[in-house]
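Accompanying notes for the structure given below.
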Amino acid sequence: MGIIKNIKSLQGMGIYADRGVRSPSLQFRRYNLVYGFNGSGKSTLSRLFASLEAGGPHPKLPAGGTFEVELDDGTAFGCPINPIGLEQRLLVFNSDYIEQNLQWAAGRANPVFYIGADQAEAANELTKVEGDIIQADAKRDTASATEKAAEKTFANYKKERAKSVASRLHLGSRKYEAPALAKDYETWKADDRPALTDDELKAAEDTRRLDEPMPRLESMSFDKTTIETAYRFIADVCGQSLATVALEEVKQYPDMLLWLKHGHEYHEAHGIADCLLCGNAISAERRALLAAALDDKVDQFVARLKKTAERLSDLIDTSTRLGAQLPAPDDLATELRAAFKEVRENVSKDVRLLAKQLSTLQTVLSAKLERPATPADMKDVASETEVLATAERLAAGVATVNEAIVAHNQAVTDFAKRKDAAENSIRRHFIVDCRDDYAKAAKDLDEATDKLKIETDNAAALREKARELRLRIRTHGPAAGVINKLIAAYLGHGELTINPVDEGYELQRHGAPITGAPSEGEKTAIAISYFLSSIEADNRKLKDVIVVVDDPVSSLDTKALNFACSLVKTRLEKAAQVFILTHNLQCMNEFRKAWKGRVRPPEGKEPTGTFLFIDVTIPEGQHRRSSIIIEMSKLLREYDSEYHFLFSHILRFVEQPDAYDDHGYMIPNVIRRVLDVFLAFKCPGGGGLPSQLDKLCTDYSVLDRERLAALDRLAQVESHSDNIDDLLSFSTMTLEETKGAAATLFDMIEKVDSKHLERLKNLCR
């Protein structure tokens, strides 16, 4: 099984600076020691690991923060993405663990985990079930991926299909999206009517495009009897002759009738006695004969012919205008246009034919006007049967046109309903067109969902079975003896013990129930002992687990602290991976000495340990502290005291007086701590820093007591600084005062012990 190799990414985790792909690897190994001052972020780091133990973000981590750890086998886990997978392998001991597992008010530890010999059968079955869970989870994950793919395919299909339909609906500010498509499918999935034709679809779209109704149309009128009556009358007139004319010349030459009439009337009107054509005199007998032959009946007949010609011309014009009155297809409602085209074409054709037929009468009538005495030649005239048949068809066509106009005008009246109906017809059309593909995509998703439910239920059933098996193999009674031995080893004495009662433990001191809460050190002892005893609970194996221990010592004296560190080292020696997080210098030294050979093994062997330090700085241009995890300084790694490490900070501060120091906020405290250690060796016996400085001035006359005022000022400001944890505090000293104090400190050490100063400088460089 893999172990944690690196924190691959870290974003928004409180004091910690963000980490990413370009951040250097932390090179976690099997044994990892992380040292940092209080407030540097150890608790946050332990809660990252606790999140993986719980399978979800720890509630005390910053909201919105993310992280990801990488294992040496390449797998990765983190929050909020992929937090599941290390729950049974990772165990974290920190202040949260104590709070969650030990009820100090009641004096009980709860819950308890322990595997006894009589639970071996259940443990073996649990091992098998846990293997089955892995396979079931894999099947569930596969089914989940299949369902997500089917869901995505179906969603994309509905989205794209709805988008396509929306483009044909012309909805304006309204939307037609996937949910509407799904609803339409449910409405029309069983509709057996055919989809729209291309013309019907276009008509429906044209209707949807309209913002307002089309203009209303006027109906047309046509009377076929007018054509029948006119034809018969004109044919009759054209066939008549002037039988009353007695002149032999007219009978012999009927075409001369009008010429004779007009000539006679002209001669009479102008009193001309001689014929203007031949020059001969016109006798009275001839004049009387012409007057009798060319009487008013000729004028009346000619006038009748002219009136008939005018009537025929009006009839032809009326018929021609009928064609012009026909509405164009685009003038009608869209759904009427396709059928109307043929009707209009037929009516137009009959209008032209009727005009042509009537024109044959007009030709004959014109000839009749020129020769009224002669019967007209009717051979080229359209027959009455043809004309009446055309009029009959035209009357029927006009009636059909009027029906379309009535339907159009009704559509204008029902404009809003028509638009709604057009929308529904388009939506139904596309559902009918796509329902097979839609049904297949929906079926694929349903089958994938059903499969996922089956695999999820299987995995849940196995987990429930595992839970029941764990209940069978848990017992808190036998664990009490184990925990008590651990507590005694941890504290170095057996005064404090626990006794099992019902579902928990009762705390006892010297064999009697305690009357008050245990000390902080005792709390830690009980908690860490309980934690160590539960590592191999739930069928876990020590060789498989990753253990994180945050500050295993608290308020212990030196002897107890040594016991505690030794106990933790021994119990976790064979774990798959161990992380020790501490702010306690002595605790750090205990593990540092034990694991030093693992971090720097003999040549030819690979290291199995890593020493790290949580470095807290204030980056230039910022006002907030920021922590990063770095390789532990050799000055901490190689020496039991922090003196050399702290001195290196002052040295850098002094040698770069004009450069920004991102550790500058803690330099006053560092100076005070280095000064305390130096004076403890040079002026043993205590008495306080001012007294020690006075003794030093007495012993070393070269020292200027007035110049040491900077260190007096340091003593006053930093009087609270009595341990290394205070290095995270902010000093009230100004930068100039700090520089003065640092210079004074170096000058003093130079004059008191120059070799010591030189060797420290060489060591720190």
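The values are calculated or read from the model by the stated rules, or taken from the named source; none is laboratory data. Here the structure is a predicted model, which is why all the values come from computation and not from measurement. Neighbour counts are summed over all protein chains in view; Cβ atoms, including those assigned to glycine, are modelled from backbone coordinates with ideal geometry.
Pairing residues of the stretch 327-339 that are part of a loop (DSSP other than H, G, I, E, B) with residues that are of a type in the set (S, T, N, Q) and buried (at least 20 other Cβ atoms within 10 Å of the Cβ), at Cβ distances under 8 Å and at least 6 apart in sequence or on separate chains, gives Ala333/Thr207.
When you look at Tyr31, is it in contact with a strand residue (DSSP E or B) (Cβ under 8 Å, 6 or more places away or on another chain), surrounded by 19 or more Cβ atoms within 10 Å (Cβ to Cβ), among the aromatic types (Phe, Trp, Tyr) and on the phi < 0 side of the Ramachandran plot, yes or no? Yes: the conditions hold for Tyr31.
Hey, could you check the stretch 535-565 for residues that are among the small types (Gly, Ala, Ser), more than 45 Å from the chain's Cα centre (by Cα) and crowded, with 16+ Cβ neighbours inside 10 Å and say which is nearest to Leu45 (Cα to Cα)? Residue satisfying both the conditions and the ranking: Ser554. Which residues, counting only those in the stretch 52-93, are closer than 18 Å to Ile15 by Cβ and among the small types (Gly, Ala, Ser)? Ala63, Gly64, Gly65, listed by residue number. Under 23 Å from Gly36 (Cβ atoms), charged (D, E, K, R) and not in a loop (DSSP other than H, G, I, E, B), is that true of Lys569? Spelling it out, Lys569 is indeed under 23 Å from Gly36 (Cβ atoms), charged (D, E, K, R) and not in a loop (DSSP other than H, G, I, E, B). Residue selection: Phe591 satisfies the criterion of being touching a residue at least 40 places away in the same chain (Cβ under 8 Å), under 23 Å from Thr44 (Cβ atoms) and in a helix (DSSP H, G or I).
Per-residue answers, yes or no, for (1) in contact with a His (Cβ under 9 Å, 6 or more places away or on another chain); (2) assigned to a helix (DSSP H, G or I); (3) of a type in the set (Ser, Thr, Tyr):
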residue: Pro601; (1), (2), (3): no, no, no
residue: Ser627; (1), (2), (3): no, no, yes
residue: Tyr639; (1), (2), (3): no, no, yes
residue: Arg652; (1), (2), (3): yes, yes, no
residue: Leu696; (1), (2), (3): no, yes, no
residue: Leu703; (1), (2), (3): no, no, no
residue: Asp712; (1), (2), (3): no, yes, no
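Within the stretch 652-669, residues that are within 15 Å of Ala741 (Cβ to Cβ) sit with their Cβ atoms under 9 Å from residues that are among the aromatic types (Phe, Trp, Tyr) and surrounded by fewer than 15 Cβ atoms within 10 Å (Cβ to Cβ), at 6+ positions apart or across chains, in these pairs: Tyr665/Phe730; Met666/Phe730. Looking across Ile614, Ile650, one residue alone is buried (at least 19 other Cβ atoms within 10 Å of the Cβ) and assigned by TED's automatic domain parsing to the domain that holds Ser43. It is Ile614.
The set of residues from the stretch 521-556 being charged (D, E, K, R) and either touching a helix residue (DSSP H, G or I) at 6+ places or on another chain (Cβ under 6 Å) or in contact (Cβ under 8 Å) with a residue 24 or more places away in the chain (or both) comprises Glu522, Lys523, Glu536, Asp538, Arg540, Lys543, Asp544, Asp550, Asp551.
Scanning the stretch 511-566 for residues that are in a loop (DSSP other than H, G, I, E, B) and aliphatic (A, V, I, L, M) yields Ile514, Ala517, Ile535, Ala537, Val545, Val553, Leu556.
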